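First up is the structure itself, then whatever we jot down about it.
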Amino acid sequence: MNEKILLVEDEAAIRMALSDRLESEGYVVECAVDGEKGYQQALRNSYDILLLDVMLPRKSGFDMCRDLRGAGVNIPILMLTARDQVVDKVVGLRMGADDYLTKPFEPAELVARIEALLRRSRNPAGDAVRQYGELRIDLRGTTVTREGKPVPLSAREYRLLEYFVTHCGITLSRDELLREVWGYSTEVFSRTVDVHVGSLRQKIECDAKKPQLILTVPGLGYKFVG
Ligand code: CA
């Protein structure tokens, strides 16, 4: 079964590049060139996921998102924006978006986020318990054990681990981790992320010097691999 994506993007070059890429991944892609058309299309047809640019003619991605949620459309929505501003993300999430990607991005990054959202929407509760070798994470019970023994994590370490696990396979920048786990964004504190990743590795990795779960992506950030 091929999942169906609605891509609402007014820039022809980006629209074509993304739909080509997504079709090559096996998705069925339909496009809309402005917010009003996209909104009507999303109401009339059934899609598995919506990709909405924020800056769109006739109706912004934010307004589309808000109105679709208001109309009871609850499929996953991934917002795409050219502006790397925290306010955009906050507004987007408040309007009911599920995830957020800042342009320019690697197509592989978009695909990874789409897959993560589809996994969550297909199986919202089923993967509450994740097992990685000897490490077991119960996301609902918020408990972590290794070889059957509890791993004592601080609240912040747990939230960091939870964010990694729910974004498995996705490269996460220090800025994103700061925003999501600490709730603020500033370059000055990006060391904070490294310190916490270091202590988390000490607790969950077999050998913290050769991490197998939380990998460093040079120049970009970190990636949790299952
Ligand atoms: Ca645009």
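Coordinate-derived values only; no laboratory data. Worth saying up front: this structure is predicted, and the values here are computed from it rather than measured. Note that each Cβ is placed from the backbone with ideal geometry, even for glycine, and that neighbours are counted across all protein chains shown.
Results, tabulated for the structure shown:
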| read-out | value |
| --- | --- |
| Extreme residue, positive dipole direction of the chain, given options L68, C168, N2 (C-beta unit charges) | C168 |
| Total charge dipole magnitude, region 126-224, about the Cα centre, Cβ charges on Lys, Arg, Asp, Glu only, Debye to nearest 20 | 180 debye |
| K223, K149 arranged by Cβ crowding within 10 Å, fewest neighbours leading | K149, K223 |
| Proximal lysine pairs, the chain, alpha carbons under 24 Å, eight or more residues apart or interchain | 17 |
| Electrostatic dipole magnitude of the chain [Cβ: Lys, Arg +1; Asp, Glu -1; Cα centre; debye, to 20] | 760 debye |
| Peptide ranges 64-72, 132-140, 101-109 listed from the most packed, as the mean C-beta count within 10 angstrom indicates | 64-72, 132-140, 101-109 |
| Estimated 222 nm signal from helices in the chain, with DSSP H stretches of n ≥ 4 weighted -39500 (n - 2.57), rounded to 500 | -12000 deg cm²/dmol |
| Residue-count net charge about S19 - beta-carbon cut-off 10 Å; Lys, Arg +1, Asp, Glu -1 | -2 |
| Among I77, S46, Y158 the positive-end extreme of the charge dipole of the chain (Cβ point charges) | Y158 |
| Charge dipole of region 126-224 about the Cα centre (unit charges at C-beta), most positive-ward option of C206, P218, G183 | C206 |
